[in-house]
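A short write-up of the structure that comes next.
The values are calculated or read from the model by the stated rules, or taken from the named source; none is laboratory data. Remember, it's a predicted structure, so these values are computed and weren't measured experimentally. FYI the Cβ positions are ideal-geometry reconstructions off the backbone, even for glycines, and counts take in every protein chain you see. Just the protein is used for accessible areas: all its heavy atoms, side chains included, with ligands, DNA and RNA removed. Shrake-Rupley method; radii C 1.70, N 1.55, O 1.52, S 1.80 Å.
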Amino acid sequence: MKNLILGILISIPFVLFAQEPKEFDFVSNQEEGFSTVRLGDNWGFIDTSGEVLFELRNDLVMNKNPKKNRIGVAGIEYPQLKEERAIISKKKDGVNYYGFINAEGKTVIEPEFLNVSNFSKGKALALKLEEERLGENQLLGKNVLSYKYDVVLIDKDGEVLKYLEGPFPVAVSKQKLREAPEINAKWLGENLLSVKGPNKKWRIHKL
């Protein structure tokens with residue numbers, strides 16, 4: 001009888017703590033200690049123990065047909081957690097803006113850039129938008145605004161480390177900005193970068 005009771009007690013933990021295997025529609029290879037997962041239209045990350053870092057979400061950046069070798073959001077096939085930063089998008093008035101979340105799923109850089117790259121060695125490229133008020137349209141009762149952007153280097157808190165090239169004029173509207181402006185840059189070394197300016201010339205930057 002004692003042996004029977006002991007056998008039942010021993011088996012209880014296996015019944016209580018047995019879990020169904022996690023299933024996803026997509027799982028990437030592990031990079032920097034994390035793997036990307038997808039279930040339906042929602043994406044997220046798991047660590048090396050298989051634990052999901054945060055609730056899967058639909059604002060992480062991906063592309064079904066990524067543009068290979070393109071710096072920025074257009075070249076990203078699936079979300080990646082690079083240096084504990086992942087790119088998210090937020091649509092405002094039909095235009096996509098980009099920022100970053102951390103490994104806990106918290107927004108650490110608000111979506112305010114027109115394009116961004118993944119982080120590498122604590123730095124990322126971004127297109128920083130600037131707005132200028134030119135006056136007021138008396139007939140419509142609206143402000144007349146002009147927009148431009150600069151290519152900048154940001155840190156993991158979103159602070160601008162260096163202005164690289166610009167300004168570039170841009171029309172910020174759903175009709176005219178259907179895709180993120182391209183980041184025309186090439187890494188030539190760990191601390192050497194070439195960026196194409198408004199004059200169509202490539203300038204070398206030592207970081």
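Can you find a residue that is open to solvent by 20 Å² or more (accessible area, probe 1.4 Å), of a type in the set (Phe, Trp, Tyr) and modelled with pLDDT of 95 or more anywhere in the range 64-79?
Yes, the range 64-79 contains at least one residue that is open to solvent by 20 Å² or more (accessible area, probe 1.4 Å), of a type in the set (Phe, Trp, Tyr) and modelled with pLDDT of 95 or more.
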Sole exception among (1) in contact with a Gly (Cβ under 6 Å, 6 or more places away or on another chain); (2) more than 19 Å from Ala124 (Cβ to Cβ) for Ser146, by number:
(1)
Residues located in the range 65-89, provided they are under 20 Å from Val151 (Cα atoms) and of a type outside the set (Val, Ile, Thr)
Lys67, Asn69, Arg70, Gly72, Ala74, Gly75, Arg85, Ala86, Ser89
Subset tally (residues that are outside any loop (DSSP other than H, G, I, E, B), in contact (Cβ under 8 Å) with a residue 24 or more places away in the chain and open to solvent by less than 30 Å² (accessible area, probe 1.4 Å)) for the range 147-165:
7
